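The values are calculated or read from the model by the stated rules, or taken from the named source; none is laboratory data. What you are looking at is a predicted structure, and each value in this text was computed from that prediction instead of being measured. Backbone-built Cβ (ideal geometry, glycine too); neighbour counts: all protein chains shown.
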Amino acid sequence: MVNFNSIKKIGVVGAGQMGNGISQVAAATGYDVVMFDVMPASLDKGLGMIASSCDRQIKKGIFTEDQKKSLLAKIQATTKMADLATCDFVVEAATENIDLKLKIFRELDETVKAEAILTSNTSSISITQIAAVTKRPTQVAGMHFMNPVPVMQLVEGIRGLQTADETFATTKQLAEKLGKTFVESTKDMPGFIVNRILMPMINEAVYTLHEGIASVESIDQAMKLGTNQPMGPLTLADFIGLDTCLAIMNVLHDGLGDSKYRPCPLLVKYVQAGWLGKKSGRGFYNYAK
């Protein structure tokens, strides 16, 4: 198994919001990065988002054009999973779908060198279940970054039942090398720490709207001013993606079997309508204006 000091190349599966953010932070720390996605358009968009993020830092005077060029040069964008073969450490950041993640981990296990560590950025799905589909379950862990990755300081670490102490220690060391604070979820339970608390709050905010208790704006303003949150729960849901919120609530409901985790019918309807939040142009707010 690789140790922390032998990590030179990091693989990232998925070039979306989370994947490109993880790629940016890893490259900025000095690692060579292979960012894999099956869609060329997603890779182009992901690289564009990284460049834009660098440009914002340049405008603030905390980054230079030369640093931007150096960072982008460290990221190899590819549609071939075989290009991940020589990576020492891989972070999967695909859509929050259990069947997709299990498929990816089976393929990663066959593709990536045997001594590499494989981690998932899942926000709610069992690491134990993911690890079980590989031939290296002791080398699998959860590494849940927060969005937006370059800004948010937290990485939630999750041990699967099979995760070796060495694997978890290396994952923690890497997170800290990337400038993050690593908080351990000591049990591999649905939602781990953050989403076990956050998603029911968002779901309850949707129920508050669904039951006609208050408007979208009033709910968000009340929670911002009443609890000192930087953004209201419905704005946050739009930012996360309502499909992701629904997927996590389903994992909580199915995994814990408690009716308090039942997704609000209005959340289900919005996802069915394709109103997924900021990324689709419409959610609880209209972004197409």
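For the subset of region 5-56 comprising residues that are among the charged types (D, E, K, R) and part of a helix (DSSP H, G or I), which member is nearest to ALA82 (Cα to Cα)? Per the stated criteria, the residue is ASP44.
When region 172-184 is filtered for residues that are closer than 18 Å to LYS9 by Cα and outside any loop (DSSP other than H, G, I, E, B), the ones remaining, listed by number, are LYS172, GLN173, LEU174, ALA175, GLU176, LYS177. Residues that are surrounded by fewer than 22 Cβ atoms within 10 Å (Cβ to Cβ) and on the phi > 0 side of the Ramachandran plot within region 2-35 comprise just one, GLY30.
Per this entry, VAL151 is counted among residues that are among the β-branched types (Val, Ile, Thr) and under 14 Å from GLY21 (Cα atoms). Scoring PRO190 on the criteria (1) in contact with a Gly (Cβ under 6 Å, 6 or more places away or on another chain); (2) at pLDDT 95 or above; (3) crowded, with 17+ Cβ neighbours inside 10 Å leaves a single failure, condition (2). Among the helices (runs of 4 or more DSSP H) confined to region 205-289, the ones with at least 3 residues that are modelled with pLDDT of 95 or more and under 23 Å from SER123 (Cα atoms) are located at 233-240, 242-256, 265-272. Taking the criterion of being aliphatic (A, V, I, L, M) and over 22 Å from LYS101 (Cβ atoms), the residues of region 3-51 that qualify are ILE7, ALA27, ALA28, LEU47, MET49, ILE50, ALA51.
Taking MET189 as the residue in question, decide whether it is of a type outside the set (Phe, Trp, Tyr) and over 30 Å from ASN3 (Cβ atoms). No: the conditions fail for MET189.
When the residues of region 69-105 are filtered to those that are surrounded by 14 or more Cβ atoms within 10 Å (Cβ to Cβ) and among the basic types (Lys, Arg), the one that is nearest to MET143 (Cα to Cα) is LYS101.
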